[in-house]
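Enquirer: Have a look at this one before I ask anything.
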């Protein structure tokens, strides 16, 4: 009897194992799907379909209150897309004087929200086999791009620049300066997370050297021109800053939502972009490849080594990820809701990434959507 029970048990276990194996293989073979219900605006005109808020079941009264609050925070441009269509598009001027009102053709700076755009261009360069993210940075910038001895410098790879884990000291006099004298050793690559602009900025030179093209040309040919996205890169102080209109910001967000497929044209694909909006390391779980993540168990912020428990933006959807820049340049992508949200303007305080404004925004927007 004992032998029979054992045989039956083994048969059951084998059937369960085989079922799980077949299911796992089927899941693994599923292609990364692009949402089928997305609308894409023309790349040749300014026509962009709209969707009335009444069709979404949102709270109209609370939404009106939310829109009235936005200009009090020096918001200059605000767009919400639902499945690609414009739900709201509003523009304002200076919060005190009303002067300088923006419109759909006005250009504004992205600040550090441009980091996510840079990360995307690095990924496209990898798609084109111009570089690999695990390559040593020396391969593209040469030996001596830092002040480190060669045996330390050669340990820094492109992936460390994409994840803010180079180990270079962000406490130098000016952490934006890219000269070797300002790039000094503090920790082994991959062992310390720090929001450090200089190593990030050098990714521009990496892409230029890998492609043999200017950064602007590479952007236009491989991304901007394909989705009707306007904009230009300009040296601003020590930083390379992207400027565009708010609709171009929204187009980039829609492309992220569509997983790189613009109305049937595949702009990017591959493992790099699958990992772009996932935790890139265990130090700051709320950081991907130069993109901020919600829904994680903890987060860090610029200019601090403190690890804070909980989600970055508690009242926002857990699957939201976002590009964020100084003075509240926000691009929020929420796959579960089919939302892309753009905010451009000023912001109270002088934080490199204004998290408090992002939290305030969702404290007011979440009740509208719910």
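The values are calculated or read from the model by the stated rules, or taken from the named source; none is laboratory data. Quantities reported herein were computed from a predicted structural model and do not represent experimental measurements. Cβ coordinates were reconstructed from backbone atoms using ideal geometry, including for glycine residues, and neighbour counts include every protein chain displayed.
Enquirer: Does at least one position in region 161-174 carry a residue that is in contact with a strand residue (DSSP E or B) (Cβ under 6 Å, 6 or more places away or on another chain) and either within 30 Å of residue 253 (Cα to Cα) or at pLDDT below 95 (or both)?
Expert: No, every residue in region 161-174 fails to be in contact with a strand residue (DSSP E or B) (Cβ under 6 Å, 6 or more places away or on another chain) and either within 30 Å of residue 253 (Cα to Cα) or at pLDDT below 95 (or both).
Enquirer: Then there's this: Being out of contact with any helix residue (DSSP H, G or I) (no Cβ under 9 Å at 6 or more places or on another chain) and outside any strand (DSSP E or B) is the requirement here; does residue 253 meet it?
Expert: yes
Enquirer: Could you please find all residues in region 59-69 being touching a helix residue (DSSP H, G or I) at 6+ places or on another chain (Cβ under 8 Å) and part of a helix (DSSP H, G or I)? Spell out how you get there, then give the answer.
Expert: From region 59-69, those touching a helix residue (DSSP H, G or I) at 6+ places or on another chain (Cβ under 8 Å) are 59-60, 62-63, 65-66, 69; that's our starting set.
Within region 59-69, 60, 62, 63, 65, 66, 69 qualify.
Enquirer: Can you name the number of the only condition in (1) in a helix (DSSP H, G or I); (2) buried (at least 21 other Cβ atoms within 10 Å of the Cβ) that residue 242 fails?
Expert: Going through (1) in a helix (DSSP H, G or I); (2) buried (at least 21 other Cβ atoms within 10 Å of the Cβ) one by one, residue 242 breaks only (1).
Enquirer: May I pose another question? For region 352-370, what are the residues that are crowded, with 20+ Cβ neighbours inside 10 Å, out of contact with any helix residue (DSSP H, G or I) (no Cβ under 7 Å at 6 or more places or on another chain) and at pLDDT below 90?
Expert: Hit for region 352-370 is 354, nothing else.
Enquirer: Kindly provide the set of residues from region 105-137 that are part of a strand (DSSP E or B) and within 17 Å of the chain's Cα centre (by Cα), ordered by number.
Expert: Of everything in region 105-137, just one residue is part of a strand (DSSP E or B) and within 17 Å of the chain's Cα centre (by Cα), namely 109.
Enquirer: If you take the residues in region 203-229 that are without any contact (Cβ under 8 Å) to a residue 60 or more places away in the chain and in contact with a helix residue (DSSP H, G or I) (Cβ under 7 Å, 6 or more places away or on another chain), which one is surrounded by the most Cβ atoms within 10 Å (Cβ to Cβ)?
Expert: 229
Enquirer: Run residue 104 past the list (1) surrounded by fewer than 21 Cβ atoms within 10 Å (Cβ to Cβ); (2) within 27 Å of residue 302 (Cβ to Cβ) and report the number of the one that doesn't hold.
Expert: Condition not satisfied by residue 104: (2).
This table checks each residue for (1) at pLDDT below 95; (2) farther than 26 Å from residue 338 by Cβ; (3) surrounded by 15 or more Cβ atoms within 10 Å (Cβ to Cβ).
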| residue | (1), (2), (3) |
| --- | --- |
| 50 | no, no, no |
| 57 | yes, no, no |
| 63 | no, no, yes |
| 76 | no, no, yes |
| 120 | no, no, yes |
| 130 | no, yes, yes |
| 135 | no, yes, yes |
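Enquirer: In region 142-183, what count of residues is obtained for those that are exposed (fewer than 14 other Cβ atoms within 10 Å of the Cβ) and under 25 Å from the mean Cα position of the chain (by Cα)?
Expert: 2
Enquirer: I need the full set of residues from region 76-104 which are assigned to a loop (DSSP other than H, G, I, E, B), closer than 23 Å to residue 251 by Cα and in contact (Cβ under 8 Å) with a residue 60 or more places away in the chain, in order please. Outline the logic, then answer.
Expert: In the first step, residues of region 76-104 are kept if they are assigned to a loop (DSSP other than H, G, I, E, B); the result is 83-84, 92-104.
Next, from what is left, pick out any that are closer than 23 Å to residue 251 by Cα: 83-84, 92-93, 101-104.
Within region 76-104, 83, 84, 92, 102, 104 meet the criteria.
Enquirer: For residue 285, are the conditions met, namely being modelled with pLDDT of 95 or more, in contact with a strand residue (DSSP E or B) (Cβ under 6 Å, 6 or more places away or on another chain) and within 30 Å of residue 104 (Cα to Cα)?
Expert: Answer is no for this residue.
Enquirer: Further, regarding this structure: Take region 79-101 and flag every residue that is over 14 Å from residue 338 (Cα atoms) and at pLDDT 95 or above.
Expert: 88, 89, 90, 91, 92
Enquirer: Restricting attention to region 285-338, report how many residues are surrounded by fewer than 21 Cβ atoms within 10 Å (Cβ to Cβ), in contact (Cβ under 8 Å) with a residue 60 or more places away in the chain and farther than 27 Å from residue 76 by Cβ.
Expert: 2
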